[in-house]
1. Among ARG234, ARG284, which is assigned to a helix (DSSP H, G or I), in the same structural domain as LYS332 (by TED's automatic domain parsing) and of a type in the set (Lys, Arg)?
2. Only one residue in GLU129, GLU99, GLU144 is without any contact (Cβ under 8 Å) to a residue 24 or more places away in the chain and under 30 Å from VAL264 (Cβ atoms). Which one?
3. Being hydrophobic (A, V, I, L, M, F, W, C), assigned to a strand (DSSP E or B) and at pLDDT below 95 is the filter here, so list the residues in the range 244-267 that pass it.
4. Among the residues of the range 276-302, how many are under 25 Å from the mean Cα position of the chain (by Cα) and buried (at least 16 other Cβ atoms within 10 Å of the Cβ)?
5. Could you please find all residues in the range 301-324 being part of a helix (DSSP H, G or I) and farther than 20 Å from ALA237 by Cα?
6. Return the only residue of TYR290, TYR285, TYR256 being free of Cβ contacts under 8 Å to residues at least 12 places away in the same chain, more than 30 Å from ILE45 (Cα to Cα) and aromatic (Phe, Trp, Tyr).
Amino acid sequence: MKKFFLTAAFSLFAAIVVSCGSGIVANGDIVKNSKAPLDTLSYVIGMNISNGMSRDVAPMKLDDELVKKTMEAAALGDSLVKVGDKVITTESAPNQISEFAMTVFAPRMQKLQAWEAAKNDTTATTAPEPLDFDTETMFANEDERAYISSIFGFITGRDLIKSGFPVNLHWLFQGYDDAKGANVKVTIEQGSAFMRNYINVVIPADNAKKSAEWLAQIEKEPGVKKTESGLLYRIEAEGDMSAKANAPVDTVTVHYKGTTRKGVVFDASRFADKPAETQEMLKRYQPDSYMNDTPVSFPLNRVIKGWTEGMQFVGKGGKITLWIPAELAYGKQSPTPAIGSNEALKFEVELIDVKPAK
């Protein structure tokens, strides 16, 4: 009996991509194209998704056509899909699949193991009672199979958007289907090598180029100043300059919002500024405190270089916007899939307080 990994139920595609390396970027282009020549990137991603489902979602037998249908809907921007009388949304899908895994699938696995043991018991005088689900698919009926297949497809489609890869859905689904047979156009070894190169070479180079172009445009905006290090900043409100950080060892207390060059929020101190999925997660797991907008405090020598330098230009009570080149941020080694390798970042910061180091 193969093991069912609950982590696959939450973010199968993201797990597949992360396993290939770092450097995922947000807001890629997804197109539906049936006439273009082979798109190797899309084909390999499709193969990886198919192989991942065959491995990690076993022994459930999902409906591949429904998986692809809802994957396409989500990838092209739909925020919800309906399956019978059930509705799947961006916010509800992770909770729906988690609930099924824990309250339905896990107990069924236990029942199946007990049933198989009873069936193979040569000393038993009676046959075990029939199970209330299909042992081949692990579903009670086709409606349930359609519902769970659709959730998996929807989650994977949303993860395609998050990945930022320019995806041709025609070739992605071709790779998905071919992976289940013997006539693949790209071997697993070739696909792995292609993805490693794309993630570790192509994406970082593209991010570096586009980040430089973005910063060059920002530099032309009114009020923006540039330091010798390449940091760009604009004082939105000066604050009390007699109470400002004067050294990297000083501690600041701030509210902030961090975005990529494409405007995607990857981190924020206030609940209202956090990404929608983060808000939903906080509501679910911290129902009594998710709205707690406590400012964040840290010594300036324990954050990225752009912060260390930039936060010394504004006084207590002031506000500053920082545009930070990758070499002053996270460089090639991003701490989160939301930030691409070699990606420049923007921070909007409100300086609440400053505590000089003793």
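1. Of ARG234, ARG284, the one residue that is assigned to a helix (DSSP H, G or I), in the same structural domain as LYS332 (by TED's automatic domain parsing) and of a type in the set (Lys, Arg) is ARG284.
2. Only one candidate qualifies: GLU99.
3. Kept after step one, since they are hydrophobic (A, V, I, L, M, F, W, C), are these residues of the range 244-267: 245, 247, 249, 252, 254, 264-266.
Still in the running and assigned to a strand (DSSP E or B): 252, 254, 265-266.
VAL265, PHE266 - these are the residues of the range 244-267 that are hydrophobic (A, V, I, L, M, F, W, C), assigned to a strand (DSSP E or B) and at pLDDT below 95.
4. 6
5. The answer is ASN301, ARG302, LYS305.
6. Working: TYR290 fails: free of Cβ contacts under 8 Å to residues at least 12 places away in the same chain; TYR256 fails: free of Cβ contacts under 8 Å to residues at least 12 places away in the same chain.
Going through TYR290, TYR285, TYR256 in turn, the sole match is TYR285.
The values are calculated or read from the model by the stated rules, or taken from the named source; none is laboratory data. Keep in mind that this is a model prediction, so the values were computed, not measured. Here the Cβ is made from the backbone with ideal geometry for all residues, glycine too, and neighbour counts use every protein chain on show.
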